[in-house]
Amino acid sequence: MYRAKRAASLKAKRRVGKYELGRTIGEGTFAKVRIAKNMENWDHVAIKILDKAKVHKNKLAEQIRREICTMKLVQHPNVVRLYEVMGSKTRIYIVLEFVMGGELHDIIATSGRLKEEEARRYFQQLINAVDYCHSRGVYHRDLKLENLLLDVAGNLKISDFGLSALLDQVKNDGLLHTTCGTPNYVAPEIDIQYVGY
C-alpha cells in the first residue's frame, strides 16, 4: 500500500499543468531545463524551471521578466519559441520549443570544423534571426555557440534570451545600462564591475 501511494505521488509530482516532466537536459546556476510531453497533443517541449527563492535572493526577477517579455515579442523560425509561462508558490515554469539537435558548440567540439557551405547556411540563418529580433526592438546580447541550437532538420535556433534587452531600455545617453554577455566571454580589459557583474 505504501509503495503504491509513493509511486502515485511521484507520478503526480512529475506533472506541471498539461505537461508530463521527463529527464533533465540542461542545468544552470538558477535554472534546470527538463524535457516534457504535452499530454494534449503529445508534442515534446523543454521546460525551464526556476526556483523563485533563488531568483529573488539573487535579484534576478527583473531579468526573468525581461527574458519572458522579449521571447513573447519574437516568433521566427530561427528563434526558440516560447509557448507559455506558469508558476507555483516556489517555481517559475517557462515552456519552450524543444530543439532536439543540440548545441552548435557540442557539434563543432565533437565533429571539428564545419564545411563552408554548412557554416554559411548557419550564418545566414543567424543573421536573419538577429535582423528580425532587432526589427522588433529586441537585442539578444549573449550570442555564443552554446546559445545556438540545431533542430533535427539542421536549422539553427537562437536560445537563451536571459541577458536580452529591449529598445525602450536605452537611456538618454543612447546606451543600455544592464548586464551584457557571459562573464567568461568578456574581454580581460573590460572592468567586470562596470558591466554589472
By the C-alpha gyration tensor axes a ≥ b ≥ c (rounded if a/c is under 1.5, else prolate when a/b exceeds b/c, else oblate), the shape of the range 59-176 is oblate
Yeah, the range 16-111 with a ≥ b ≥ c from its alpha-carbon gyration tensor (a/c under 1.5 is rounded, else prolate when a/b outruns b/c, oblate otherwise) is rounded
Amide H proximity to R91 below 5 Å, modelled H, separation 5+ or other chain, gives K52
Fewest-first ordering of F30, F161, F98 by Cβ atoms within 10 Å yields F30, F98, F161
Taking a ≥ b ≥ c as the square roots of the eigenvalues of the Cα gyration tensor, with a/c under 1.5 meaning rounded and otherwise prolate when a/b exceeds b/c and oblate if not, the range 74-137 is oblate
Dividing the surface of the Cα convex hull of the range 62-103 by four yields a projected area in nm² of 3.8
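Read-outs throughout are calculated quantities, based only on the coordinates presented, and are distinct from any laboratory measurement. As the structure is a computational prediction, the values presented were derived from the model and not from experiment. For neighbour counting, all protein chains shown are included, and Cβ atoms are generated from backbone atoms with ideal geometry for every residue, glycine included.
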